[in-house]
Structures are given as structure tokens and as C-alpha cells.
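For reference, the structure is listed below as C-alpha cells.
The values are calculated or read from the model by the stated rules, or taken from the named source; none is laboratory data. Please read all numbers here as calculations on a predicted model, not as lab measurements. Please note: Cβ atoms are built from the backbone with ideal geometry, for glycine as well, and neighbour counts cover all protein chains shown.
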Amino acid sequence: MKSPLRFIRVLSAAVALCTATAFVGTPSPADATIVKRLTVSEMARRADVVVLGRVVGQTATWNPERTRIHTLTELLVGESLKGGARTGETLTIRQLGGTLDGLVQTVPGNARFAVGEEVVVFLDKDEAQPLHYVIGMAQGKFAVQRSGPAVQAMQDTSDLAFVRPGASGALVPVEAGPASPVDGGLEALKRTVRAAAATP
């Protein structure tokens, strides 16, 4: 399990490389954060908690030194796919970046949440405090859309640039596309998570 301090250090490196802490508006494609491409199965195996839930609140706070903004997203659990979260329980997700006191601190590639949104999220659990962290940045969040004949799960990784180990072991770029639905919709995503979580 990754510690929250390591998680913060990783994000800090991404911020430094991508000038993501500039107090500006929406980042340009050139500001994309470079991460390893993860499959749903890989994220499910790495995650402590995977849930289907609804965003019920968001709060931005300063760190003690008032040098970084963190956003706390409250997620009401509707269904646990891994990790034993209880239906009706509220999980708190912490992310670097946010809007506070007239300032906007952005991290390109972060998962973006909106109050009222239904999502599936892949999370690391902080054992020292009641917080969770999204795995793989935007890769670890799927927005649920129920407007069509089939319920879709959409992944938006447009602010990420991907790499994967090549045949020689060196990292090679992987083409990233726009927001896209999971093949087979929400039920297929849930089946994949459960199957991967059950694999030793």
C-alpha cells in the first residue's frame, strides 16, 4: 500500500515538471501529466477500495504551511466493488489542487469531480486518517451516465499523457484519446473489477 506522503511527493514531482501549480485557468494539452497507463484490472488489483457512489460535497483547504490547496470530495457509497465500504457510508477523497481564497491551483490529469455526479472510483486508503486517494489520477475515475438505453461508464484522460514499458524495458509513449465509454458499459466495468479483485 502506498503511503499518503509518497503519494504527495509523486504529485509534487508532476506539478514541478508540468508547471501545474501555476495559478491559471484550464491547462493546455502541453501541460498534460505523464503517467503509466493502467488497465481497469491493474487498478482493481492495486486499489484498497473500489466503489460506485455519488459525489455529495466538496471543500477546499490549505495545507498547514498555506503553500498548497487540497480539495476534499465527499462520496456517498452506493455499492462496494472491493474493500468492504458500506452502502450509505461517506468516503473522503483528497486531491492536490483546488480553488480557495480567490486562487486556483491546478494539477493537469487529476480526476475531476462534480457534486451530484455518479462515479466509480479506484482508491488507496490512508490507514492513519480517514482519507482516500485516487489511483492513476484521472484513470481511476469513471463517470456513470444513465441517460441512454444502456448505463455507460465514461473515462476522461484527456489531460494525461501515457507511457508503458516497451520491449526493451524503456518507457514508450501510448496514444491517449478523448473521453470514452467502457466497452459493455457499467455492468462490464463492475464485472472486470470484481474478477480482478478476486485474483490473488
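Quick one: in the stretch 18-56, which of the residues that are of a type in the set (Lys, Arg) and at pLDDT below 95 is surrounded by the most Cβ atoms within 10 Å (Cβ to Cβ)? My answer is Arg37. With respect to the conditions (1) surrounded by 16 or more Cβ atoms within 10 Å (Cβ to Cβ); (2) part of a loop (DSSP other than H, G, I, E, B); (3) not aromatic (Phe, Trp, Tyr), Gly169 lacks only one, and its number is (1).
The set of residues in the stretch 81-139 that are among the acidic types (Asp, Glu), surrounded by fewer than 20 Cβ atoms within 10 Å (Cβ to Cβ) and over 17 Å from Ala60 (Cα atoms) comprises Glu89, Glu117, Glu118, Asp126, Glu127. Residues in the stretch 172-199 that are in contact (Cβ under 8 Å) with a residue 60 or more places away in the chain and more than 16 Å from Met137 (Cβ to Cβ): Val182, Leu186, Leu189, Lys190, Thr192, Val193, Arg194, Ala195, Ala196, Ala197, Thr199.
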